[in-house]
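See structure below.
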Amino acid sequence: CSFCSQDIAKLDVLDRQAHYDRHLDDPPDYNSGEDMPSSIPFKSSSQPSHRSSDHDVFWHPSLSTPPPHNCTPGLIPLLRRALVSQHERRHIQRAVLCTNRAVHVYRENFDHRWGCGYRNYMMACAVLMDQRFQDTYAALFERHEPPGVRNLQSLIEQAWKAGFDEEGAEQLRRRLCDTTKWIGTAELFVAFTYLGVPSRLVDFALPRRIGSYTRGPFTQSSSCSVLNSLRPLVIDTRPLLDWVREYFSPSDQHKHSSVHDAWKNASAVTQTERPPLILQHNGHSRTIVGYEIDRKGQMVLLAFDPSRHAPSSSVNAQRRARRRLTAAKPRSSSSISSNPSTRTAPNSMSGATPEVIEVDSDGEVVERATRGRAPMDDVRTLKGKGRNGTALPPSEIIKSFRLDPRTLGSQEKYQILWFPLDDPLTEQEKDARRVVTSSKIC
């Protein structure tokens, strides 16, 4: 990279363009005393951060103000339509998604090596402040500073001082503010508990199973023991996938005799009211927004990764909507839109070039075409720049959100933070959760 000297040779065209976009969108001010960019690998997780956090802004869909440049709303309706298109082409069997209010939050320059846990927290908060089952949650957040990287660090320190998670506080030396320390789902559990928002942790220590045969010279005289010795042990991700599948299953599945019968009667692409999950493993965390079953019957998780850009066409459409709103009469950042289902959204699959994209109460993308042209009904391609400046097909959209099964199978231990949407915690319930506990699945 000519800006920061980072080696980007291994990045694909989209990621390379996204890398340069970050420099052009928010160029660093080297006259302000910031450290010059360096290609030296990151060594420490506890160095004080000298980078600016001026753009550490929280946003959720009910706000009437446009989202900041690193927030992309409306991706779930976009993803749903892409999945429907792939199902019609028989590329997938079915898919299930979380609530359409989920927002993708991308990291900033100042936290790009350590901020995944913080950004997943902001994604969770955006949903929890905008869901319809527990409208009292918003008041719990409003008692404190808005969710953000630095504000979350301060909130966790406050929870430690109040006696929460003594073990975790000792591990992080009771200091988090203005550092680049990583945090995980345990720290997020502490933050949500301190706020009074119910959340739960589940742990997975995935077993190993015998994989498929490796290639070799097999003969009829080859014994079973010899063949079995050639079968490698692989991490079995099925317990984790089964749990995620159960979490996102339609709420009325108990009316059927089996899960299979429930799915048989369900839509091929189902959108639920469930909040997304936060999936943590050693070194990284992601927000899980659903899953798909491919044509071979393999289950693949769909994720909002804070370290990866949303599809470039989605970002471009969101930027156009933000510029349009910015040019309009400014409104208070704390005000609530008179139509909470209207918000900026990514470009949908249409032949027209939309300037304003809305999402209705059913999660449908509603387009207002420009130049007097009516929107087309064809949803086969998404207008926007692909790898060669061409339209981005549904398969590429879905690929942007897939969590590669090989990546999932590279880790043995996982932890999931999920939200049951129960009533806010009482003081007694908060006291009972001062020590972080989790349920072990396997």
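The values are calculated or read from the model by the stated rules, or taken from the named source; none is laboratory data. Predicted model only: the values in this text are computed from it and were never measured. We place every Cβ from the backbone using ideal geometry, glycine too, and count neighbours over all the protein chains shown. Areas reflect the complete protein model, heavy atoms only, side chains present, ligands, DNA and RNA absent. Shrake-Rupley method; radii C 1.70, N 1.55, O 1.52, S 1.80 Å.
Brief remarks follow.
- When the test is whether a residue is at pLDDT below 95, in contact with a strand residue (DSSP E or B) (Cβ under 9 Å, 6 or more places away or on another chain) and surrounded by 18 or more Cβ atoms within 10 Å (Cβ to Cβ), residue 314 passes it.
- Qualifying residue in region 46-55 (condition: of a type outside the set (A, V, I, L, M), at pLDDT below 90 and touching a Cys at 6+ places or on another chain (Cβ under 7 Å)): no
- Complete set of residues in region 173-203 that are outside any loop (DSSP other than H, G, I, E, B) and polar (S, T, N, Q): 179, 185, 193
- Helices (runs of 4 or more DSSP H) lying entirely in region 73-148 (those with 1 or more residues that are under 13 Å from residue 59 (Cα atoms) and small (Gly, Ala, Ser)): 116-128, 137-142
- Test: residue in region 117-133 that is surrounded by 21 or more Cβ atoms within 10 Å (Cβ to Cβ) and without any contact (Cβ under 8 Å) to a residue 40 or more places away in the chain: no
- Test for residue 167: is it of a type outside the set (Val, Ile, Thr) and more than 23 Å from the chain's Cα centre (by Cα): yes
- Considering residues of region 398-435 that are in contact with a strand residue (DSSP E or B) (Cβ under 7 Å, 6 or more places away or on another chain) and in a loop (DSSP other than H, G, I, E, B) only, the residue most open to solvent (accessible area, probe 1.4 Å): 412
- Answer residue from region 162-208, given it is among the β-branched types (Val, Ile, Thr) and within 18 Å of residue 431 (Cβ to Cβ) and is surrounded by the most Cβ atoms within 10 Å (Cβ to Cβ) among those: 190
- Residue in region 194-213 that is at pLDDT 90 or above and on the phi > 0 side of the Ramachandran plot present: yes
- For residue 221, the test of being within 30 Å of residue 298 (Cα to Cα), part of a loop (DSSP other than H, G, I, E, B) and at pLDDT below 95 is failed.
- Test: residue in region 174-193 that is at pLDDT below 95, of a type in the set (Gly, Ala, Ser) and closer than 29 Å to residue 289 by Cα: no
- Restricting region 104-116 to residues that are among the charged types (D, E, K, R) and touching a helix residue (DSSP H, G or I) at 6+ places or on another chain (Cβ under 6 Å), the residue that is most open to solvent (accessible area, probe 1.4 Å) is 107.
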